[in-house]
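Take a look at the structure set out below.
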Amino acid sequence: MTFLTFFAYVFFAYGLTEIMIYGRGPFGVCEKIRQWASGVSDGLGQLFGCPMCFSTWVGTVSSFIDVVLLKNAAFTPFSIVFASCGGFWIGLLTIVLDMFFTSGIVWFLTRIEEWMEKPQEAYEADEYE
(Lines give C-alpha, C1' and ligand atoms only; values in the text may rest on other atoms or scores of the structure.)
Protein backbone atom coordinates (compact mmCIF):
# COMPACT_ATOMS: atom_id res chain seq x y z
CA MET A 1 0.00 0.00 0.00
CA THR A 2 2.91 2.35 0.69
CA PHE A 3 4.22 2.00 -2.89
CA LEU A 4 0.75 2.70 -4.26
CA THR A 5 0.52 5.87 -2.16
CA PHE A 6 4.02 6.88 -3.26
CA PHE A 7 3.28 6.44 -6.97
CA ALA A 8 -0.09 8.14 -6.64
CA TYR A 9 1.64 11.14 -5.06
CA VAL A 10 4.29 11.28 -7.80
CA PHE A 11 1.69 11.16 -10.57
CA PHE A 12 -0.50 13.70 -8.74
CA ALA A 13 2.39 16.16 -8.43
CA TYR A 14 3.55 15.64 -12.01
CA GLY A 15 0.03 15.83 -13.43
CA LEU A 16 -0.95 18.94 -11.49
CA THR A 17 2.28 20.67 -12.51
CA GLU A 18 1.85 19.79 -16.19
CA ILE A 19 -1.79 20.89 -16.24
CA MET A 20 -1.12 24.20 -14.51
CA ILE A 21 1.89 25.05 -16.70
CA TYR A 22 0.93 23.70 -20.12
CA GLY A 23 -2.76 22.83 -19.97
CA ARG A 24 -5.81 24.82 -20.86
CA GLY A 25 -8.04 23.26 -18.25
CA PRO A 26 -11.81 23.03 -18.27
CA PHE A 27 -13.35 26.29 -19.50
CA GLY A 28 -9.80 27.66 -19.85
CA VAL A 29 -9.39 28.00 -16.09
CA CYS A 30 -5.66 27.16 -16.10
CA GLU A 31 -4.99 29.76 -18.80
CA LYS A 32 -6.93 32.33 -16.81
CA ILE A 33 -4.92 31.55 -13.66
CA ARG A 34 -1.64 31.90 -15.60
CA GLN A 35 -2.79 35.22 -17.09
CA TRP A 36 -3.85 36.48 -13.67
CA ALA A 37 -0.52 35.43 -12.15
CA SER A 38 1.40 37.21 -14.91
CA GLY A 39 -0.68 40.33 -14.32
CA VAL A 40 0.05 40.33 -10.58
CA SER A 41 3.83 40.19 -10.93
CA ASP A 42 6.54 38.91 -13.25
CA GLY A 43 7.83 36.52 -10.58
CA LEU A 44 4.44 34.93 -10.05
CA GLY A 45 3.99 34.67 -13.80
CA GLN A 46 7.35 32.90 -14.09
CA LEU A 47 6.27 30.47 -11.37
CA PHE A 48 3.52 29.25 -13.71
CA GLY A 49 6.04 28.75 -16.52
CA CYS A 50 8.62 26.62 -14.74
CA PRO A 51 7.84 22.98 -13.87
CA MET A 52 10.60 22.83 -11.27
CA CYS A 53 9.42 26.02 -9.56
CA PHE A 54 5.73 25.20 -9.57
CA SER A 55 6.25 21.63 -8.36
CA THR A 56 8.24 22.96 -5.40
CA TRP A 57 5.09 24.70 -4.22
CA VAL A 58 2.94 21.67 -5.03
CA GLY A 59 5.16 19.66 -2.67
CA THR A 60 5.14 22.35 0.00
CA VAL A 61 1.37 22.83 0.01
CA SER A 62 0.51 19.12 -0.16
CA SER A 63 2.97 18.35 2.65
CA PHE A 64 1.60 21.22 4.76
CA ILE A 65 -1.92 19.85 4.28
CA ASP A 66 -0.73 16.36 5.23
CA VAL A 67 1.36 17.33 8.27
CA VAL A 68 -0.58 20.27 9.72
CA LEU A 69 -4.20 20.01 8.63
CA LEU A 70 -4.72 16.25 8.36
CA LYS A 71 -2.26 15.37 11.15
CA ASN A 72 -0.06 12.90 9.28
CA ALA A 73 -2.50 11.13 7.01
CA ALA A 74 0.75 9.97 5.35
CA PHE A 75 0.12 10.61 1.68
CA THR A 76 3.36 12.49 0.92
CA PRO A 77 6.67 10.59 0.63
CA PHE A 78 8.38 11.88 3.75
CA SER A 79 5.27 11.79 5.89
CA ILE A 80 5.22 8.09 5.04
CA VAL A 81 8.87 7.79 6.10
CA PHE A 82 8.37 9.75 9.33
CA ALA A 83 4.88 8.37 10.08
CA SER A 84 5.84 7.00 13.49
CA CYS A 85 7.62 10.22 14.53
CA GLY A 86 5.98 13.35 15.76
CA GLY A 87 6.76 16.83 16.88
CA PHE A 88 7.24 20.26 15.40
CA TRP A 89 10.76 19.72 14.02
CA ILE A 90 9.92 16.41 12.35
CA GLY A 91 6.87 18.07 10.77
CA LEU A 92 8.98 20.95 9.51
CA LEU A 93 11.62 18.55 8.19
CA THR A 94 8.88 16.56 6.46
CA ILE A 95 7.57 19.66 4.68
CA VAL A 96 11.04 20.72 3.52
CA LEU A 97 12.01 17.24 2.32
CA ASP A 98 8.69 16.79 0.49
CA MET A 99 9.28 20.15 -1.18
CA PHE A 100 12.72 19.03 -2.42
CA PHE A 101 11.52 15.57 -3.44
CA THR A 102 8.53 16.86 -5.41
CA SER A 103 10.61 19.41 -7.27
CA GLY A 104 13.25 16.80 -8.10
CA ILE A 105 10.90 14.06 -9.25
CA VAL A 106 8.85 16.42 -11.42
CA TRP A 107 12.06 17.80 -12.93
CA PHE A 108 13.25 14.24 -13.62
CA LEU A 109 9.97 13.21 -15.26
CA THR A 110 9.91 16.43 -17.31
CA ARG A 111 13.44 15.71 -18.57
CA ILE A 112 12.42 12.17 -19.55
CA GLU A 113 9.40 13.58 -21.39
CA GLU A 114 11.58 16.11 -23.25
CA TRP A 115 14.10 13.41 -24.14
CA MET A 116 11.35 11.17 -25.53
CA GLU A 117 9.94 14.04 -27.62
CA LYS A 118 13.33 14.93 -29.12
CA PRO A 119 13.28 14.19 -32.87
CA GLN A 120 15.56 11.49 -34.25
CA GLU A 121 17.38 14.03 -36.44
CA ALA A 122 18.66 15.74 -33.29
CA TYR A 123 20.28 12.50 -32.15
CA GLU A 124 21.96 12.02 -35.50
CA ALA A 125 23.26 15.61 -35.43
CA ASP A 126 24.68 15.09 -31.92
CA GLU A 127 26.76 12.12 -33.10
CA TYR A 128 28.79 14.18 -35.53
CA GLU A 129 29.59 17.14 -33.29
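The values are calculated or read from the model by the stated rules, or taken from the named source; none is laboratory data. Predicted model, so just to flag it, every value in this text is computed and none were measured. Ideal geometry is used to build each Cβ from the backbone, glycine not excepted, and the neighbour counts take in all protein chains shown. Accessible surface is based on the protein model in full, side chains and every heavy atom, while ligands, DNA and RNA are left aside. Shrake-Rupley method; radii C 1.70, N 1.55, O 1.52, S 1.80 Å.
See the values below:
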{"quantity": "Length added when fully stretched, I112-F3, from 0.36 nm per residue minus Cα-Cα", "calculated": "37.1 nm"}
{"quantity": "Relative contact order (percent, whole number), the stretch 1-58, Cα cutoff 8 Å, 6+ residue spacing", "calculated": "31"}
{"quantity": "Note, ³J(HN,Hα) from phi for the stretch 12-25, Karplus 6.51, -1.76, 1.60, rounded to Hz, x at Gly and Pro", "calculated": "4, 5, 5, x, 4, 4, 4, 5, 6, 8, 10, x, 8, x"}
{"quantity": "Contact order normalised by residue count of the chain, Cα under 8 Å, 6+ apart, percent", "calculated": "26"}
{"quantity": "Radius of gyration and Dmax over the Cα atoms of the chain, both given in Å", "calculated": "17.4, 57"}
{"quantity": "Relative frequency of Cα-Cα separations exceeding 19 Å in the stretch 24-92, percent", "calculated": "49"}
{"quantity": "Carbon and sulfur %, accessible surface of the chain computed with the full protein complex present, 1.4 Å", "calculated": "71"}
{"quantity": "Net charge over other residues, Cβ less than 15 angstrom from the Cβ of W57 (K, R count +1; D, E count -1)", "calculated": "-2"}
